[in-house]
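Take a look at the structure set out below.
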Amino acid sequence: MREYPKTQMMTEVQIRNTSEQTRLRLLEAAREVFSQHGFQGATVREICRRAEANGAAVNYHFGSKDGLLAEALNFAPLKAMQNANINAGECPRMRLRLFILDLMLMLLDEKNPSSQCQIMARELADPTPALDKIVREAIKPLHDYLGKLVREIADEKTGEAELRRCVHSILGQCLFYRHSQPVLQRLHPRLRYSHKEIEAIAEHIAAFSLAGIKHLGTNLA
């Protein structure tokens, strides 16, 4: 094994550290730009400017803008949210309330935003080729998990089609507040998505949805 002088070894370590720091800055900047402008509106130049990186850095570290998006779309927080919900307790109604609150915080909390959720919301409104990855790795697992949770709450006679519509209805209500934020703020100029307001919205969606699921069971009786 070839041995290098200690000073050279330190230089190589420093180079690797600098390269990794650049890569992490690019990822952080990309999540910001993708969440603000979408995939089509995001430019490599703007991402590199925010990351304080050379214009060729994206191709060097990720191969292309598509490769950068694939790396930026890390849905670990969504998976962690689902795992935390599983361990939250045995009452499915309580877990639905927690699920909706956690999702709304990810979508709306300006002080602790989830860039992955914001990118996902943008893709739903203005799809790009990245949507296939988002559906496969984030949306389908989210739908499947919520579907199982709704099944625990619903009457056993509720059919699969109705359960699916319940899931779509719940997620549709959540995403409405994200997609319609510019309109809602013009309709209600004083509206701000404070933590208290997000909690109130989440509780309304949960109560409304639980009442709807219960009504379906009443109709089936």
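What tally of residues in the range 110-134 results from selecting those that are within 20 Å of Ser169 (Cα to Cα), of a type outside the set (Lys, Arg) and crowded, with 17+ Cβ neighbours inside 10 Å?
6
Tell me which of these Arg192 doesn't satisfy, since it passes every other one: (1) under 15 Å from Leu108 (Cα atoms); (2) surrounded by fewer than 14 Cβ atoms within 10 Å (Cβ to Cβ); (3) touching a helix residue (DSSP H, G or I) at 6+ places or on another chain (Cβ under 6 Å).
(3)
Does Gln173 qualify as being of a type in the set (S, T, N, Q) and out of contact with any His (no Cβ under 9 Å at 6 or more places or on another chain)?
Considered against the rule, which asks whether it is of a type in the set (S, T, N, Q) and out of contact with any His (no Cβ under 9 Å at 6 or more places or on another chain), Gln173 comes out as no.
Could you look through the range 59-103, keep only residues that are among the aliphatic types (A, V, I, L, M) and under 10 Å from the mean Cα position of the chain (by Cα), and pick out the one that is surrounded by the fewest Cβ atoms within 10 Å (Cβ to Cβ)? Break it down into steps so the answer makes sense when it comes.
Let us first name the residues in the range 59-103 that are among the aliphatic types (A, V, I, L, M), namely 68-70, 72-73, 76, 78, 80-81, 84, 86, 88, 94, 96, 98, 100-101, 103.
Cutting the leftovers down to under 10 Å from the mean Cα position of the chain (by Cα) gives us 73, 76, 78, 103.
Numbers: Leu73: 20, Ala76: 8, Leu78: 22, Leu103: 24.
For the range 59-103, the residue satisfying everything is Ala76.
Please indicate, with yes or no, whether at least one residue in the range 132-145 is assigned by TED's automatic domain parsing to the domain that holds Glu203, in contact (Cβ under 8 Å) with a residue 12 or more places away in the chain and over 14 Å from the mean Cα position of the chain (by Cα).
Yes: one or more hits.
Can you tell me which residues in the range 84-123 are outside any helix (DSSP H, G or I) and either out of contact with any Phe, Trp or Tyr (no Cβ under 9 Å at 6 or more places or on another chain) or not assigned by TED's automatic domain parsing to the domain that holds Leu142 (or both)?
Asn87, Gly89, Glu90, Cys91, Lys111, Asn112, Pro113, Ser114, listed by residue number.
Based on what the data block shows, is Glu199 assigned to a helix (DSSP H, G or I), in contact with a helix residue (DSSP H, G or I) (Cβ under 6 Å, 6 or more places away or on another chain), among the charged types (D, E, K, R) and at negative phi?
No.
His215 passes all but one of (1) farther than 20 Å from Asp102 by Cβ; (2) surrounded by 13 or more Cβ atoms within 10 Å (Cβ to Cβ); which number fails?
So the condition that His215 fails would be (2).
The values are calculated or read from the model by the stated rules, or taken from the named source; none is laboratory data. Values in this document were obtained by computation on a predicted structure and should not be read as measured data. In this analysis, Cβ positions are derived from the backbone assuming ideal geometry, glycine residues included, and neighbour counts consider all displayed protein chains.
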